[in-house]
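Peer 1: Okay, here's the structure, questions in a sec.
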Amino acid sequence: MRRENSSPACPMDSLLRLLMGPWTTYILWLLYSNGVLRFGQLKRFMPDVSAKVLTERLRMLETADLVHRDYQPTIPPQVSYSLTVKGQDLQNVLEGLNVLARKWRVAEQTGLEREAGHDTGVDAQSIAMALTLQHAKSAVPPSSMQLDPGLAGSSSSP
């Protein structure tokens with residue numbers, strides 16, 4: 001018997017499906033970190049994404065009420081994007097995913113170095129814990145936090 005996608009058993013399913021699209025989390029992170037951005041500014045932050053894909057992602061996020069599109073009928077028209085209240089609710093999720101991704105990257109890199117016979121003497125768990133504690137204790141404003149660019153991925157999937 002086939003299960004319908006409209007009523008998944010997992011309450012997180014629809015949110016995760018929304019976030020897993022190409023470049024979606026990176027767009028949200030940029031808007032969270034930088035505040036209101038115009039389309040050209042977003043595009044400059046994301047040189048590997050096509051204008052078409054960026055437009056599609058922004059429209060999808062606007063439809064999901066995560067991103068607000070502000071259109072000013074000037075010459076030339078000005079369009080800017082910002083997070084809605086619902087989009088701002090993702091702040092802790094994005095920060096947590098960033099910490100976890102960095103932790104896993106350090107562990108992976110340390111593991112690869114050890115496999116190649118280059119023991120750095122650095123314990124990946126210790127580094128990850130230090131990153132987590134540093135993040136938890138810091139009073140760093142969101143605009144100064146940076147998503148690891150290597151975590152953004154390629155044009156096909158961040």
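Peer 1: Give the value in nm², to one decimal: projected area of the alpha carbon convex hull of region 26-89, averaged over all directions.
Peer 2: Result: 4.2 nm².
Peer 1: For Val67, which sequence-distant residues (separation of 5 or more, or a different chain) have an amide H within less than 5 Å of its own amide H, given hydrogens modelled in the peptide plane?
Peer 2: Amide H neighbours of Val67: Glu62, Thr84.
Peer 1: Counting only the heavy atoms of the protein chains, how much of Ser14 is accessible to a 1.4 Å probe, in Å² to the nearest 10?
Peer 2: The value for Ser14 is about 80 Å².
Peer 1: Would you mind computing, in nm to one decimal, how far apart the modelled labels at Thr63 and Arg105 are, each placed 7 Å from Cα along Cα→Cβ?
Peer 2: With each label placed 7 Å out from Cα toward Cβ, I get 3.1 nm.
Peer 1: Find how much the distance from Thr55 to Lys43 grows on full extension, using 0.36 nm per residue of separation minus their present alpha carbon separation; answer in nm with one decimal.
Peer 2: Contour length minus Cα-Cα distance gives 3.3 nm.
The values are calculated or read from the model by the stated rules, or taken from the named source; none is laboratory data. Only a predicted model underlies this, so the values are computations on that prediction, with no experimental measurement involved. Note that we place each Cβ from the backbone using ideal geometry, even for glycine, and neighbour counts take in every protein chain shown. Remember, those area values only see protein heavy atoms, side chains included, never the ligands or the DNA or RNA. Shrake-Rupley method; radii C 1.70, N 1.55, O 1.52, S 1.80 Å.
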